[in-house]
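Chemist: First the structure, which I've put down as structure tokens, then a few questions once you've had a look.
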């Protein structure tokens, strides 16, 4: 193969190509924060969080009723991405950050931010394609903040009748919300429903009050 014919893997990071890959069930991960290598994965088993019968841990429910906080969406993109990448082990490298920025500009990537006393306390981000939300990462600077972001996200997706909240893998946080694993075949069936419906991630997430969540 000549140099002119060689495949440039960075082409996959173009917004249109990334959305096509997400729509087929793939998701990207860099080998590390310092590595330039990015792979797209299509696991045989996928974790999803139930949108319509999810669980809220009792301690979190009590915390949310007592704690004063505010929630916004799509207001702090760079901060959310940067905080999500600031872990001892991260799969978010500089190339992915640039690719996410393009998806955000195109309206496919959304963030949720939580504030305590006016200061950013935590948040999350993910990719939306029609009725599917592909959760990518979350962070907390203060106790329970990322979990509050997730509660508000789930409620928002439910109000907009989304089909899938993809969490990719089960971890200690998503398990608390009832995350469970399905086969790739089951995931593709749900994805087909999500992509062929008339869904929209509206911008009214911050209008959801605590009393509307439980």
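The values are calculated or read from the model by the stated rules, or taken from the named source; none is laboratory data. These figures come from a predicted structure and were not determined experimentally. As a convention, Cβ positions derive from the backbone with ideal geometry for all residues, glycine included, and neighbour counts pool all protein chains shown.
Chemist: Under 7 Å by Cβ, and 6 or more places apart or on different chains, what pairs join a residue from region 126-154 that is in contact (Cβ under 8 Å) with a residue 40 or more places away in the chain and at negative phi with one that is part of a helix (DSSP H, G or I) and crowded, with 24+ Cβ neighbours inside 10 Å?
Modeler: Hits for this filter: 132/191; 133/157; 138/149; 138/150.
Chemist: Out of region 79-108, which residues are exposed (fewer than 15 other Cβ atoms within 10 Å of the Cβ) and either within 21 Å of residue 129 (Cα to Cα) or modelled with pLDDT under 95 (or both)?
Modeler: The answer is 86, 87, 88, 89, 94, 98, 105, 106, 107.
Chemist: If you don't mind, another one. Inside region 1-107, counting only helices (runs of 4 or more DSSP H) that do not spill past its ends, which hold 1 or more residues that are under 23 Å from residue 177 (Cβ atoms)?
Modeler: 15-23, 58-66, 77-85
Chemist: Sticking with this structure for a sec: Residue 110 passes all but one of (1) outside any strand (DSSP E or B); (2) touching a helix residue (DSSP H, G or I) at 6+ places or on another chain (Cβ under 9 Å); (3) touching a residue at least 12 places away in the same chain (Cβ under 8 Å); (4) at negative phi; which number fails?
Modeler: In the conditions (1) outside any strand (DSSP E or B); (2) touching a helix residue (DSSP H, G or I) at 6+ places or on another chain (Cβ under 9 Å); (3) touching a residue at least 12 places away in the same chain (Cβ under 8 Å); (4) at negative phi, residue 110 misses (1) alone.
Chemist: Another question, if that's okay. For region 158-198, give me the residue count where each residue is at pLDDT below 95, assigned to a helix (DSSP H, G or I), out of contact with any helix residue (DSSP H, G or I) (no Cβ under 9 Å at 6 or more places or on another chain) and surrounded by 14 or more Cβ atoms within 10 Å (Cβ to Cβ).
Modeler: 2
Chemist: Of the residues 54, 22, only one is at pLDDT below 95 and either surrounded by 12 or more Cβ atoms within 10 Å (Cβ to Cβ) or in contact with a strand residue (DSSP E or B) (Cβ under 6 Å, 6 or more places away or on another chain) (or both); which?
Modeler: When all the criteria are applied, what remains is 54.
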